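The block underneath contains the structure these notes are about, expressed in structure tokens.
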Amino acid sequence: MTFEELGSENGKTMMLLPGTCCDWQTNFANVVERLAEKYHLICVNYDGFDGSDDTFPDMITVTKKIENYILDHHNGRVDGAIGSSLGSSFVGQLIQRKIVHIDHGIFGSPDLDQSGKISAKLQSMLVVPLLTGFTKNEKKKQKTRETLKRIFEMNDEAVDRFMECFSKFNPKSIKNEYYSDLLTHLEEDINVEHTRAHFIYAKKMGEKYRKRYEKYFHDPDIREFDMQHEQWLFGGEKFAVPVLKAIDEFMEMPV
């Protein structure tokens, strides 16, 4: 597991937590330079997604490693943490567990899916082969490329970078990550003093996700954007600019 710090030495601290089957270099490629101009970034790559031979264990084991890093290097506190998709599950756990403190937890249009063991196992058996299998067949690969370009409005560079993740990482790590995320549950109505939960709500995901945000967090700050899931990270400037503006506003709010 790796932690790389970069950006403004005097800016507020902000942790970047990537999503399923991603490293931070891929997940935040389009926005990291702009965030680094203002914030002191702590960029995280999980076990199994950090270039090592390690395998991703489970969400709680990795959460504890993140907590230990914050305790050892930042006195147990960061100003903000942005979770992309599955990375938001880590933000939720860090807030809920109260081992470290986060002033602003920023959730990047997560689905926050939770299930029991049988359902999680079945979903993993179905979904993980789909996530990894398309890269082995040129026809499927090309079809996926066109789908990503059409739905998320990705350019060729973003598509290539994103699709590479599903071939360069160990399928066992991908399975463990996906499976254990479904089993790592959040409490309802999480309310931690001096912490604010901010949600980047991608309207095209559907209203049920907004309801989840309201279920798991007390009085969440939900900002609505007319986009697909995490489109601000992969879909170009027209999506990234308004979300980055909202993030700056989140970080300036009193807690």
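The values are calculated or read from the model by the stated rules, or taken from the named source; none is laboratory data. Bear in mind the structure is a predicted one, so any value in this text is a computation, not a measurement. Cβ sites come from the backbone with ideal geometry, for glycine too, and all protein chains shown count toward neighbours.
Values as computed for the structure displayed
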{"quantity": "The stretch 199-217 residues that are under 20 Å from GLU249 (Cα atoms), paired with ones that are assigned to a helix (DSSP H, G or I) (beta carbon under 6 Å, 6 or more apart)", "calculated": "PHE199/TYR213; ILE200/VAL243; TYR201/ARG210"}
{"quantity": "Residue that is farthest from ILE70 (Cα to Cα), among those in the stretch 20-46 that are surrounded by 18 or more Cβ atoms within 10 Å (Cβ to Cβ) and in contact with a Lys or Arg (Cβ under 8 Å, 6 or more places away or on another chain)", "calculated": "THR26"}
{"quantity": "Residue count, the stretch 81-94 (criterion: surrounded by fewer than 23 Cβ atoms within 10 Å (Cβ to Cβ) and more than 18 Å from TYR178 (Cβ to Cβ))", "calculated": "0"}
{"quantity": "Residue within the stretch 115-123 that is in contact with an Asp or Glu (Cβ under 9 Å, 6 or more places away or on another chain) and either part of a helix (DSSP H, G or I) or closer than 23 Å to LYS238 by Cα (or both) present", "calculated": "yes"}
{"quantity": "Yes/no for PRO129 being surrounded by 22 or more Cβ atoms within 10 Å (Cβ to Cβ), modelled with pLDDT under 95 and not in a strand (DSSP E or B)", "calculated": "no"}
{"quantity": "Per-region count, the stretch 90-114, residues part of a helix (DSSP H, G or I), under 25 Å from LYS38 (Cα atoms) and of a type outside the set (Phe, Trp, Tyr)", "calculated": "4"}
{"quantity": "Near pairs, Cβ below 7 angstrom, 6+ apart or cross-chain, from the stretch 126-140 (closer than 16 Å to PHE162 by Cα) to any residue that is assigned to a loop (DSSP other than H, G, I, E, B) and among the charged types (D, E, K, R)", "calculated": "none"}
{"quantity": "Options LYS141, LYS117, LYS136; residue that is surrounded by 13 or more Cβ atoms within 10 Å (Cβ to Cβ) and either at positive phi or among the charged types (D, E, K, R) (or both)", "calculated": "LYS141"}
{"quantity": "Some residue of the stretch 2-9 being buried (at least 20 other Cβ atoms within 10 Å of the Cβ) and not in a strand (DSSP E or B)", "calculated": "no"}
{"quantity": "Which listed residue, of PHE152, PHE217, is closer than 28 Å to PHE239 by Cβ and touching a His at 6+ places or on another chain (Cβ under 9 Å)", "calculated": "PHE152"}
{"quantity": "Residue check, PHE162 touching a Phe, Trp or Tyr at 6+ places or on another chain (Cβ under 7 Å), surrounded by 17 or more Cβ atoms within 10 Å (Cβ to Cβ) and among the aromatic types (Phe, Trp, Tyr)", "calculated": "yes"}
{"quantity": "Qualifying positions in the stretch 132-142 - part of a helix (DSSP H, G or I), at pLDDT below 85 and not hydroxyl-bearing (Ser, Thr, Tyr)", "calculated": "GLY133, PHE134, LYS136, GLU138, LYS139, LYS140, LYS141"}
{"quantity": "Matching residues in the stretch 149-207 - criterion: being over 19 Å from PHE107 (Cβ atoms) and hydroxyl-bearing (Ser, Thr, Tyr)", "calculated": "SER167, SER173, TYR179"}
